[in-house]
Every structure is written in C-alpha cells, then in structure tokens.
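What follows is a set of notes on a single structure, which appears directly below.
The values are calculated or read from the model by the stated rules, or taken from the named source; none is laboratory data. If you're wondering where the values come from, they're calculated on a predicted model, not measured in any experiment. Neighbour counts run over all protein chains shown; Cβ positions are idealised from the backbone, glycine included.
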C-alpha cells in the first residue's frame, strides 16, 4: 500500500506501508505516520488519556475527577462554580463529578453560609489520600511515556507544551476561593 502525504513544502512524500502478515494491518514508523506535529500531539494525547484512565481505574477515578481533587488540594475550599471555572468543566458535568466524589467520601459539599444558593466544595482526608495515589499512578504513566528522554529534554518539552497550551487560549485564572 502506498500513501502520498504532502509536506510543508508541498512536495509529496511517498511512504510504502508494509502490511503485517499476522493481523493484516498496515504498519508504519511514527515519523511517517505523523508528518504533522498537530497530528502527533493528537495521537500522543489520545494514548496518554487512555493510559491515565486505565491507571486511575483501580482508584475508581476518571481523569477529570482526579483533576478536581488536584485543584481542591492545591487551593482548598472553593465555590463549586469557581471549581468548574478552574477545571474548564461544563457546570452540568461538574455536578456529576462532585456528587460522585462526595458519594466516595473524597469531597464535602456544603451550602455557603453567605449565599445559600451556592455550594462550597472541599477535599476530605480520604480525598487527599486518593489524590496522592492518583499522583503515583499518573507519574508511572508519565515515566512510561518519557522512556528514553533525558531530564533536560523533559524540561524543554514541558516548557514547549506550556507554550502550546498558552497558544490555545487556555484560561488559567487567578485563584479567588469565593
């Protein structure tokens, strides 16, 4: 099978894809499959998401739930709406997440004494323990992803990824607990 993929210079790159005899799926090198950094980032993101989801499953957490625990561990009690803003999470999904975490005993949701319509969310001792376990699980995934990459290159990668994140217009608001 032959694929022609345009390069940035619009000169076609011809890549011959050998077909595996065992499963008949085409096989290619990463460099040939991902001539575009955007497609490569998308692919790595999907793989990382899958691996992190699998690593968190024994903890009965999804990545967004672990992220909520992280924000609460870092910032303490927050209004539920503010938590959603910091996570860039749809308010309806946030209610689902916080209710599940509350049922697991990982967060407490209370009425704001200053505004009874508002919910305050705080992490519990059990939530702190679960978040620590989530950190260990995610660190193992990151080590697996970074196999063969030196410390200097990892620092450079992090800096570049943060720049790409900034380029997306990602919101990183200043924390105000209320």
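A few points about this structure:
Each row is one residue, and each column tells you yes or no for (1) under 14 Å from residue 130 (Cα atoms); (2) surrounded by 16 or more Cβ atoms within 10 Å (Cβ to Cβ); (3) over 13 Å from the mean Cα position of the chain (by Cα); (4) not assigned by TED's automatic domain parsing to the domain that holds residue 125.
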{"position": "70", "(1), (2), (3), (4)": "yes, yes, no, no"}
{"position": "79", "(1), (2), (3), (4)": "no, yes, yes, no"}
{"position": "87", "(1), (2), (3), (4)": "no, yes, no, no"}
{"position": "90", "(1), (2), (3), (4)": "no, no, yes, no"}
{"position": "96", "(1), (2), (3), (4)": "no, no, yes, no"}
{"position": "104", "(1), (2), (3), (4)": "yes, yes, yes, no"}
{"position": "107", "(1), (2), (3), (4)": "yes, yes, yes, no"}
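- Checked against the criterion of being modelled with pLDDT under 95 and farther than 18 Å from residue 62 by Cβ, the stretch 85-95 has at least one qualifying residue.
- Residue within the stretch 152-167 that is outside any helix (DSSP H, G or I) and surrounded by 10 or more Cβ atoms within 10 Å (Cβ to Cβ) present: no
- Candidates 65, 114, 129, filtered to the one that is modelled with pLDDT of 95 or more and farther than 23 Å from residue 161 by Cα: 129
- The selection criterion, being at negative phi and within 16 Å of the chain's Cα centre (by Cα), does not hold for residue 159.
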